[in-house]
Amino acid sequence: MRTDELRERERVPQLRLRVTAAAESVLRSGHPWLFADSIREQNRAGQAGELAVIYDRKDRFLAAGLFDPDSPIRVRLLHVGKPRAIDRNWWSERLTRSLEARQGLFDHQTTGFRWINGESDGWPGLVLDRYDRTLVLKLYTAAWLPRWEEIAGLITARLRPERIVLRLSRNIQKLAKHQFGKADGDILHGPPLDGPVVFLETGLCFEADVLHGQKTGFFLDQRDNRRQVEALARGRDVLNAFSFSGGFSLYAARGGARTVTDLDLSAHALAGAKRNFVLNATNAAVTACQHELVQADAFVWLNQQPGRRFDLIILDPPSLAKREIERLGAIRAYGRLASSGIEHLVPGGILVACSCSAHVTAEEFYDAVRGSAVKAGRTFEELQTTRHAPDHPATFKEAEYLKAIYLKV
Ligand code: SAH
């Protein structure tokens with residue numbers, strides 16, 4: 001049963017909040033988060049997933065959203081402006097909006113992409129990824145837990161997937177188990193799954209470990225950068241540092257790279273990369289490309305290989321700033337990493353440096369990488385900078401995490 005229905009049955013008054021003047025204007029401007037310390041008044045304690053209604057100073061309806069008593073982001077906004085019922089129709093319209101936004105983006109060659117990207121698609125704290133006929137629903141706030149059945153039902157009716165896998169961010173796993181009997185990796189719909197799912201991206205086959213893998217099993221957000229790398233790879237020796245399951249490497253190989261070296265700390269990730277090459281063995285360029293796997297700390301390995309040179313280096317580390325106080329340290333670390341990369345580039349070589357830290361802005365990151373090229377005393381040409389792919393929209397500052405810069409050195 002949904003919490004709003006529960007509330008009605010038990011005749012519990014609507015959860016009503018009043019917020020600071022500053023928060024009122026932030027919410028009016030479209031920002032989707034209300035932080036706990038901006039709440040001035042609350043009529044009663046609320047439960048995870050309840051609909052909270054925010055009233056302004058003149059006691060008019062301002063916004064409604066999902067309440068989460070355990071998160072500093074106390075309410076994630078669903079709607080701002082005139083009062084509207086958040087009912088089945090409303091969710092259905094929201095889903096239509098997300099699906100329509102992806103119309104025409106992908107053909108049958110790409111069966112892995114994001115249908116719903118959280119706040120930026122109007123589904124705060126919820127992600128829906130497609131891997132062929134399997135969908136992965138990932139929840140980042142407990143506020144969705146009481147609604148999982150309703151949402152999964154809606155998704156099943158509309159997208160007719162073979163199965164839906166539930167993934168939960170670590171911070172909500174305990175509550176999910178105890179209060180809702182749901183665990184990370186549960187199947188919400190369809191048959192069980194005992195291994196990875198295979199899907200297509202730009203005609204290449206990949207496996208995704210949707211039950212246990214990072215994010216929802218694959219880094220779907222890098223598709224456009226991988227396509228760029230394919231176009232730059234012909235005849236080159238490529239280093240894919242922080243390779244994960246070799247996404248960039250397969251594109252480079254198909255693009256005609258002579259050799260590709262996958263460098264990752266995780267043996268599990270490298271084993272996935274190896275399998276992904278096997279999955280694409282029907283492609284002559286992939287088979288012709290010499291594929292090397294190196295399990296090492298990339299920061300250390302780069303410094304221990306002074307003589308090794310590459311024509312194309314991809315640096316896609318995990319987020320180096322998980323919190324705001326780590327921002328400055330992270331900017332310096334991105335700069336140092338780019339410097340090590342540049343040292344290993346032949347003249348005319350290309351560096352593709354990526355950052356997925358929301359705490360570091362695109363300009364800060366680009367400047368750090370440019371600064372490294374200047375410091376190295378190498379002349380360079382900036383080929384391009386890139387941001388979010390269209391199936392991963394970012395509509396507010398905190399959602400903007402991905403950026404990449406391409407330098408020919
Ligand atoms: N480029 C990948 C995604 C990279 S995710 C893609 O397109 O799919 C970050 C990867 O960095 C993970 O696979 C993680 O295992 C790896 N990693 C984390 N710390 C590392 C380190 N110090 N050295 C090498 N790899 C590391």
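Okay, residues lined up against (1) part of a loop (DSSP other than H, G, I, E, B); (2) more than 9 Å from the ligand (Cβ to nearest atom); (3) among the hydrophobic types (A, V, I, L, M, F, W, C); (4) closer than 24 Å to ALA353 by Cβ:
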site	(1), (2), (3), (4)
ALA269	no, no, yes, yes
ALA285	no, yes, yes, no
PHE299	no, no, yes, yes
GLY307	yes, yes, no, yes
LEU320	yes, yes, yes, yes
ILE325	no, yes, yes, yes
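Pick out the one residue from ALA257, ALA281, ALA252, ALA233 that is among the small types (Gly, Ala, Ser) and either near the ligand (Cβ under 10 Å from one of its atoms) or without any contact (Cβ under 8 Å) to a residue 40 or more places away in the chain (or both). Write out each step before concluding.
Details: ALA257 fails: either near the ligand (Cβ under 10 Å from one of its atoms) or without any contact (Cβ under 8 Å) to a residue 40 or more places away in the chain (or both); ALA252 fails: either near the ligand (Cβ under 10 Å from one of its atoms) or without any contact (Cβ under 8 Å) to a residue 40 or more places away in the chain (or both); ALA233 fails: either near the ligand (Cβ under 10 Å from one of its atoms) or without any contact (Cβ under 8 Å) to a residue 40 or more places away in the chain (or both).
On inspection, the qualifying residue turns out to be ALA281.
Restricting attention to the stretch 351-368, the residues that are away from the ligand (no atom under 16 Å from the Cβ) and under 21 Å from PRO306 (Cβ atoms) add up to 0. Pairing each residue of the stretch 205-228 that is assigned to a loop (DSSP other than H, G, I, E, B) with any residue that is modelled with pLDDT under 95 and not charged (D, E, K, R), provided the two are 6+ apart or on different chains, yields C-beta distances under 9 Å for ASP209/GLY195; LEU211/GLY195. For the structure I just gave you, tell me whether VAL238 is within 22 Å of the chain's Cα centre (by Cα) and either within 11 Å of the ligand (Cβ to nearest atom) or not in a helix (DSSP H, G or I) (or both). Criteria not met by VAL238.
Taken as a whole, the condition of being in a loop (DSSP other than H, G, I, E, B), without any contact (Cβ under 8 Å) to a residue 60 or more places away in the chain and within 15 Å of the ligand (Cβ to nearest atom) does not apply to LYS274.
Going by what's in this entry, would SER29 be described as within 25 Å of the chain's Cα centre (by Cα), more than 24 Å from ALA142 (Cβ to Cβ) and of a type outside the set (Lys, Arg)? Criteria met by SER29. Where strands (runs of 3 or more DSSP E) sit wholly within the stretch 24-130, those with at least 2 residues that are aliphatic (A, V, I, L, M) occupy 51-55, 61-67, 73-80. Can you find a residue in the stretch 175-187 that is in a loop (DSSP other than H, G, I, E, B) and crowded, with 23+ Cβ neighbours inside 10 Å? No, the stretch 175-187 has no match at all.
The values are calculated or read from the model by the stated rules, or taken from the named source; none is laboratory data. Remember, predicted model here, so these are calculated numbers, not experimental data. All Cβ positions, even for glycine, are placed from backbone atoms using ideal geometry, and neighbour counts span all protein chains on display.
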